[in-house]
Amino acid sequence: MITFGLIINPLAGIGGAVGLKGSDGMAAEAFRRGAEKKAMQRSEQALQCLLEQQHNCRFLSCPGEMGEQLLTAMGFSVSLVDIKLPSSGVTCAADTREAARQMADAGVDVLIFAGGDGTARDILQALEQAGRSDIPVLGIPAGVKIHSAVYGVTPQASGEVLRALVSGKLVDIKESEVRDLDEEAFRQDRVVARHFGELQVPQLGHFVQAVKQGGVESEELVLADIAAYIREMMEDDEDVLYLIGSGKTTQAVMQELQLDNTLLGVDAVFQQQLVGQDLSEQGILALLDQYPRARAVLSVMGGQGHIIGRGNQQFSPQVLKRLGKKNVCLISSKSKLTALAGRPLTIDSGDCQLDKQWSGTIQVITGYRDQVVQNLR
């Protein structure tokens, strides 16, 4: 019988779809903008993989939305740590750290958490202070920033790792990085990342993601070629709205157009003129109502291969359904694709059915009139 510790950060990821680029300290503003909690839903997607193995596992979790509510609804055996959550229902980092400390003291076999890089830092700190850095930890990706290498590539992938553990399969354990960004700098389009330490993470095939690769793209000529091709497409399609996603690869397109760029947000271009900046999900949907034809220009996240679900949650399932897969222009240098070492590209929209519908293959623009075909899951 395996005992899992489960901690859900209910506020994880609420800033993404509304364009806040993070959730730390931004709950009130996120809710004011119409944000919805999604961490419990993503946790359920992961735990679905354990339903057939309920008799072989049990949980130590937290009251209410931090775990008890979901586990009880799914029929798992659950005991609770001794923490009292705020009457407001708004949890904080201290709640996560105290829960992790108690789970470490109780000797859970594996600690599972749903959150982002800030939650990973809290787990790391708690285990270090408890002297239990040896406990295996696996993250369910639910935050805006997922740079650390302690998560499954999708919630379902995290669940597959857990199912393998419960089924008695051989699962490797690897020391993996916890990294996080300075969110204030992040909101000002400055990427300031730090390494905070390592956690012991169970590994199974390509189900666990690599650390997000930072740094400036060095292949300036390749990016210039890609940007020139996108500009040519815009000239040929004067009635199409272009939604330019986040990142340094897509930034090259905006530089080619000589337009202001939100490095870590979504901008909108029509007839090579800026018509929207740093858009939220609702801002994108409003423009899609205004412009019947639209395309999104997205890049591949270096080291991980995600095209949706990492730092660009403004492209929500509702937005993606409006656009359609055929209207996504994916751009990347070939060196970035080669560095994936055969791993497929990943879509993690939060809508399992949509992810399944979009899986298969996708074309990636890698230069001027130069494209390759990649697997997408």
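Some observations on this one:
- Flag if residue 363 is in contact (Cβ under 8 Å) with a residue 24 or more places away in the chain, more than 24 Å from residue 259 (Cβ to Cβ), surrounded by fewer than 17 Cβ atoms within 10 Å (Cβ to Cβ) and not aliphatic (A, V, I, L, M): yes
- Filter result (over 11 Å from the mean Cα position of the chain (by Cα) and closer than 19 Å to residue 347 by Cβ) within segment 140-160: 156, 157, 158, 159, 160
- Yes/no for residue 272 being more than 22 Å from the chain's Cα centre (by Cα) and either in contact (Cβ under 8 Å) with a residue 40 or more places away in the chain or not assigned by TED's automatic domain parsing to the domain that holds residue 116 (or both): yes
- Candidate set: segment 333-344, residues that are closer than 19 Å to residue 226 by Cα and in contact with a Leu (Cβ under 9 Å, 6 or more places away or on another chain); chosen: the one surrounded by the fewest Cβ atoms within 10 Å (Cβ to Cβ): 337
- No other residue among 127, 138, 50 is at pLDDT 90 or above and touching a Lys or Arg at 6+ places or on another chain (Cβ under 7 Å) apart from 50.
- In segment 53-93, the residues that are within 23 Å of the chain's Cα centre (by Cα), modelled with pLDDT under 90 and among the aliphatic types (A, V, I, L, M): 90, 93
- Pairs where the first residue, in segment 309-322, is within 14 Å of residue 297 (Cβ to Cβ) and the second is β-branched (Val, Ile, Thr) and at pLDDT below 85, C-beta under 9 Å, 6+ apart: 314/18
- The number of residues in segment 84-126 being touching a strand residue (DSSP E or B) at 6+ places or on another chain (Cβ under 6 Å) and assigned to a loop (DSSP other than H, G, I, E, B) comes to 2.
- Condition met for residue 278 (at positive phi and assigned to a loop (DSSP other than H, G, I, E, B)): yes
- Of the helices (runs of 4 or more DSSP H) lying entirely inside segment 296-377, those containing at least 1 residues that are at pLDDT 90 or above span 317-323, 352-358.
- Annotation note: of 259, 287, the sole residue that is farther than 26 Å from residue 225 by Cβ, among the aliphatic types (A, V, I, L, M) and surrounded by fewer than 21 Cβ atoms within 10 Å (Cβ to Cβ) is 287.
- Checking 288, 264, 330, 340 one by one, the residue that is farther than 28 Å from residue 149 by Cβ and assigned by TED's automatic domain parsing to the domain that holds residue 240 is 288 and no other.
- Residue 149 being in a helix (DSSP H, G or I) and either hydrophobic (A, V, I, L, M, F, W, C) or not assigned by TED's automatic domain parsing to the domain that holds residue 38 (or both): no
The values are calculated or read from the model by the stated rules, or taken from the named source; none is laboratory data. Here the structure is a predicted model, which is why all the values come from computation and not from measurement. Glycine also receives a Cβ, built like all others from the backbone with ideal geometry; neighbour counts cover every protein chain displayed.
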